[in-house]
Amino acid sequence: MAEKHRSADTAPPTLGALLKGLRAREGWTLKEMSARSGIPVSTLSKIEHDRLTLTYDKLQSLGQRLGLRMSELFAEGEEDPAQPVTARRSLGDTERSVRVETPNYDYYYLCTELRRKRMIPVVTKIRARSLAEFGAPVRHSGEEFIYVLSGKVVVHTEFYDPVTLSPGQAIYIDSNMGHAYLAAEDCDEAEVLGVMSSPDETLMESMLHLHEVQRQAGAPANEDGPAAPRRARAPR
């Protein structure tokens with residue numbers, strides 16, 4: 001039992017634990033931290049207890065106001081690679097996700113309170129039905145698994161002919177290869193569960209940053225990421 005307890009204590013802190021530790025170190029009350037961050041006390045309390053997360057733009061604003069880098073919110077510093085990380089758990093749903101909404105796609109990043117994840121789960125709603133709407137193919141490090149939840153998805157990849165997937169079907173690709181996901185012509189919207197895995201611990205931060213930059217600029221996608229986000233909606 002003691003060994004199990006020690007293993008849980010070695011797990012990297014969640015976003016909530018990070019903010020709670022920062023508040024304790026600075027000697028701030030929740031009300032004082034709320035005034036500094038611009039986030040309501042009730043919301044901060046839910047974040048600290050890992051019952052709520054924030055959209056990317058809210059996380060970015062929080063980091064700027066509290067003097068934290070985005071890398072500190074999504075990744076740990078150096079540690080002994082031989083030390084096992086065990087006993088971690090995260091319950092996720094779209095209401096507690098980090099969400100980025102665009103004209104052609106809505107992205108729901110799940111379980112974001114866990115940092116240094118080896119996998120990045122994302123539920124995506126796809127409305128783009130042409131490569132012109134999608135923009136240039138996406139390329140990023142690692143591998144990617146896509147499972148169709150509803151609708152039909154046409155998967156374009158750099159070295160293969162397009163393939164159409166129906167609900168219950170999946171594809172696994174090398175995500176360094178250019179790829180694009182479109183809704184089939186007879187489908188208004190498709191929904192997929194995607195899981196990205198990469199040795200790059202900043203992958204999620206990089207993709208979210210790209211979404212936000214494109215949202216602010218109103219630019220189309222480029223070869224490093226998906227279509228330009230329309231807006232990010234805060235969890236309720």
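No lab work stands behind these numbers, since they all come straight from the coordinates. Computed from a prediction, not measured in an experiment: that's the story for all the values here. When we count neighbours, we look across all protein chains shown, and the Cβ atoms used for this are built from the backbone with ideal geometry, even at glycine.
Peptides 149-157, 91-99 ordered by packing proxy, namely the average of other Cβ atoms within 10 Å per residue, highest first: 149-157, 91-99.
Computed from label points 7 Å out along Cα-Cβ, the spacing between Glu32 and Arg51 is 2.4 nm. Of the cross-linked pairs Lys31/Lys58; Lys46/Lys125; Lys20/Lys125; Lys20/Lys58, those separated by over 22 Å at the C-alpha level are Lys46/Lys125; Lys20/Lys125.
Report note on the peptides 28-35, 136-143: ranked by the mean count of other C-beta atoms within 10 Å, highest first, their order is 136-143, 28-35. Checking every one of the GluC sites (Glu not before Pro) in the stretch 153-192 against DSSP loop status and a limit of 10 other Cβ atoms within 10 Å picks out Glu185. Among the chymotrypsin sites (Phe, Trp or Tyr not before Pro) in the stretch 82-189, those located in a DSSP loop and surrounded by at most 10 other Cβ atoms within 10 Å of their own Cβ are Phe159.
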